[in-house]
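Participant: Got a structure for you, written out below as structure tokens; questions coming shortly.
Each value in this text was obtained by applying a stated rule to the coordinates, not by laboratory testing. In this text, all values refer to a predicted model and were calculated from it rather than measured experimentally. Positions of Cβ are backbone-derived with ideal geometry, glycine not excepted, and every protein chain shown enters the neighbour counts.
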Amino acid sequence: MEAVTLYQFELCPYCHKVKAALEAKGIAFTKVEVNPMNKKELPVLPPGAPRKVPVIQVGSETVFDSTAIVAYLEAHDTTGLRLTPTDPTLLAKSQLVEKWVNDDLSHVLPTVIYGTWGEAIKAAKVVAKTSNFGMVQNAMVRAGGSLIMHQVAKRIVSKRGGGEPAAMLAAEMDKFEAWLGEADFIGGTALCVGDVAAHGCLTCIAEFPAFTVIMARPRVAAWYQRVAAIRTRNRHRA
């Protein structure tokens with residue numbers, strides 16, 4: 001596969017989903033951190049594409065949307081780990097979990113990252129630590145970005161009927177734990193798209209207290225470490 005460039009934002013769960021797929025498949029990539037305020041780092045996008053991360057460039061091709069990106073990687077990578085189950089039942093389960101990650105888990109995560117001002121400040125520090133922005137840009141992202149995302153988190157909580165963000169996340173993790181059951185992976189004995197989607201999303205909050213709470217679930221923690229080991233091993237091969 002030609003050189004891959006990933007345009008991302010460090011606290012975007014969809015970006016972490018794509019990174020999880022790239023690493024699991026052993027595809028080397030260059031990461032470009034995108035300023036969430038002006039997004040000027042983004043490449044020229046196809047007509048009709050939203051100015052959102054994640055975006056990848058592979059040679060002359062530009063692909064957007066995390067689900068489309070993972071599907072593109074599966075279709076064009078001929079040497080890496082396959083993430084699409086051949087068994088129809090496992091394939092349907094993988095697709096169900098990926099859709100849940102996109103529609104539910106990824107929407108709940110901002111409520112535990114930006115839900116309180118303390119969490120928003122913590123998130124700002126993570127952005128500052130991982131970004132390649134200049135001092136002025138960092139200050140703008142830390143102030144403006146955190147304010148915007150704190151408001152987004154409040155709207156998500158309201159849209160989902162109110163309640164405590166921690167309880168909302170716990171309810172979603174109950175679903176995931178039921179899907180996982182006693183298996184090593186969502187794909188049974190082999191890693192699948194559902195696994196990398198969920199693993200990437202959870203990696204997004206690894207520096208926040210909610211992650212520690214999630215890892216207190218033994219089956220989820222064991223699954224998380226199994227996926228992390230595959231990502232690490234294949235990343236080093238890239």
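Participant: Among GLU23, GLU164, GLU182, GLU74, which comes first, then next, by fewest other beta-carbon atoms within 10 Å? Show your work: numbers first, answer last.
Facilitator: Values: GLU23 27, GLU164 12, GLU182 5, GLU74 16.
Fewest to most other Cβ atoms nearby, the residues stand as GLU182, GLU164, GLU74, GLU23.
Participant: Taking H placed 1.01 Å from N in the peptide plane, check which residues at least 5 places from GLY187 or on another chain put their amide H under 5 Å from its amide H.
Facilitator: Result for GLY187 returns CYS192, ASP195.
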